[in-house]
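The values are calculated or read from the model by the stated rules, or taken from the named source; none is laboratory data. In this text, all values refer to a predicted model and were calculated from it rather than measured experimentally. A quick note on method: Cβ atoms are made from the backbone with ideal geometry, for glycine too, and the neighbour counts reach across all protein chains shown. Accessible surface is based on the protein model in full, side chains and every heavy atom, while ligands, DNA and RNA are left aside. Shrake-Rupley method; radii C 1.70, N 1.55, O 1.52, S 1.80 Å.
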Amino acid sequence: MAQIGSSIDRLRHKLDHRLLLTKKSLVQRLVRRTSGTSSHSTAFVAGAQRSGTNMVMDMLERSGSTEVYHERDPRAFERYELRSDDVLKTLLKRSPAPLVVFKALCESQDLADLLQRFEPARAVWVYRHYEPVVRSHVRKWRGMPDTMRRLAADENATHGWRGRGMSADTRALIRDCYHDALTNESACALFWYMRNILFFEQGLDCDDRTLLIGYDRLVADPHAGARQLFAFLDLDYKPSVCDFVSAEISSSVPTGDLPIDPRIRAACDDLLARLESVVAAG
């Protein structure tokens with residue numbers, strides 16, 4: 001019975017959400033028609049996979065002023081990667097929303113360039129402690145050691161989007177840390193590092209068009225985090241945008257018992273401290 005009740009709740013949530021999006025689109029189109037204005041701005045949500053970007057996207061989708069494109073939306077994505085600029089700009093032109101939001105996880109290495117190409121644009125980079133991210137990764141992906149093997153063996157290899165934009169320093173770290181017995185946990189921690197270091201390598205920590213958000217802080221105080229997010233994107237904040245954030249959406253407490261190579265753990269700890277310092281500085 002509990003399982004049936006849970007399924008009913010999920011179905012009700014999906015129906016309520018679909019109704020919300022339909023009503024929002026109708027209102028936006030009516031406002032656009034009556035006002036005659038069609039100006040847009042763009043936002044990109046980036047970071048490493050499994051870091052809480054879905055929660056940020058869901059918050060933004062609850063605004064009456066946004067149109068949000070998730071990575072599963074075939075209008076804007078193909079196999080989780082953004083389509084061409086021409087396709088995205090067509091979507092922007094057709095949108096009735098003042099702010100159009102695209103997820104850009106596979107394009108995190110191109111975020112600084114995207115901000116230029118889609119000006120006026122802003123970006124939100126979401127990070128999370130590497131241990132919960134690794135725990136989530138290893139449940140879904142088993143082949144990360146092979147990814148690191150390829151990146152270490154060939155200085156030109158990118159293995160699709162995963163290694164695009166990778167610096168020589170990051171490749172050197174992967175090469176130094178890779179060995180045939182590398183655990184999936186260690187490889188996933190390396191992946192967390194190689195994707196999040198892109199935030200600093202692109203100078204986004206010094207770019208006022210980019211907001212860095214810590215998932216754990218956001219979960220601990222969703223209303224404070226959402227107010228900051230909405231203010232940054234010039235959106236009206238309503239407490240209801242956080243209604244779906246409950247005790248079920250929680251931050252996993254790092255335990256330190258994951259089989260992560262000490263050199264990789266040290267690199268991740270250093271990077272995590274750098275990210276935390278940016279957030280703490282406000």
- Being open to solvent by 60 Å² or more (accessible area, probe 1.4 Å) and either within 18 Å of Ala121 (Cβ to Cβ) or in contact with a strand residue (DSSP E or B) (Cβ under 7 Å, 6 or more places away or on another chain) (or both) is the filter here, so list the residues in the stretch 199-215 that pass it. Asp205, Cys206, Asp208, Arg209
- Task: Output the number of the condition that Asp257 fails; it satisfies all remaining conditions of (1) outside any helix (DSSP H, G or I); (2) surrounded by 13 or more Cβ atoms within 10 Å (Cβ to Cβ).
- Result: (2)
- Message: Restricting to the stretch 110-144, give me the number of residues that are more than 15 Å from the chain's Cα centre (by Cα), closer than 19 Å to Gln49 by Cα and charged (D, E, K, R).
- Response: 5
- Note on the structure: The residue that is nearest to Gly160 (Cα to Cα), considering only those in the stretch 50-80 that are assigned to a helix (DSSP H, G or I) and either open to solvent by less than 40 Å² (accessible area, probe 1.4 Å) or touching a residue at least 24 places away in the same chain (Cβ under 8 Å) (or both), is Thr53
- Which residue pairs have Cβ atoms under 8 Å apart, sit 6 or more places apart or on different chains, and have a first residue in the stretch 152-170 that is more than 22 Å from Ala46 (Cα to Cα) and a second that is of a type in the set (Lys, Arg)? Ala152/Arg171; Ala152/Arg175; Glu155/Arg171; Ala157/Arg150
- Quick one: which residue in Ser84, Ser7 is of a type in the set (Ser, Thr, Tyr) and modelled with pLDDT under 95? Ser7
- Task: Kindly provide the set of residues from the stretch 81-130 that are exposed (fewer than 14 other Cβ atoms within 10 Å of the Cβ) and within 25 Å of Leu275 (Cβ to Cβ), ordered by number.
- Result: Asp113, Gln116
- Does the stretch 209-218 contain any residue that is more than 24 Å from Thr66 (Cβ to Cβ) and not acidic (Asp, Glu)? no
- Message: Checking Leu218 against (1) within 16 Å of Arg128 (Cα to Cα); (2) at pLDDT 95 or above; (3) open to solvent by less than 30 Å² (accessible area, probe 1.4 Å): exactly one of these is not met. Which one?
- Response: (2)
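Count, please, the residues in the stretch 224-242 that happen to be open to solvent by less than 70 Å² (accessible area, probe 1.4 Å) and without any contact (Cβ under 8 Å) to a residue 40 or more places away in the chain.
The initial filter retains those residues of the stretch 224-242 that are open to solvent by less than 70 Å² (accessible area, probe 1.4 Å), namely 224-226, 229-233, 235, 237, 240-242.
Of the ones still in play, those that are also without any contact (Cβ under 8 Å) to a residue 40 or more places away in the chain are 224-225, 231, 237.
Residues that pass the stated criteria total 4.
Output the residues belonging to the stretch 168-197 that are small (Gly, Ala, Ser) and open to solvent by 30 Å² or more (accessible area, probe 1.4 Å). Explain how you work it out, then say what you get.
So the first thing to find is which residues in the stretch 168-197 are small (Gly, Ala, Ser), and the list is 168, 172, 181, 186-187, 189.
Residues satisfying the conditions are Ala168, Ala172, Ala181.
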- In the stretch 151-198, which residues are charged (D, E, K, R) and in a loop (DSSP other than H, G, I, E, B)? Asp154, Glu155, Arg162, Arg164, Asp180
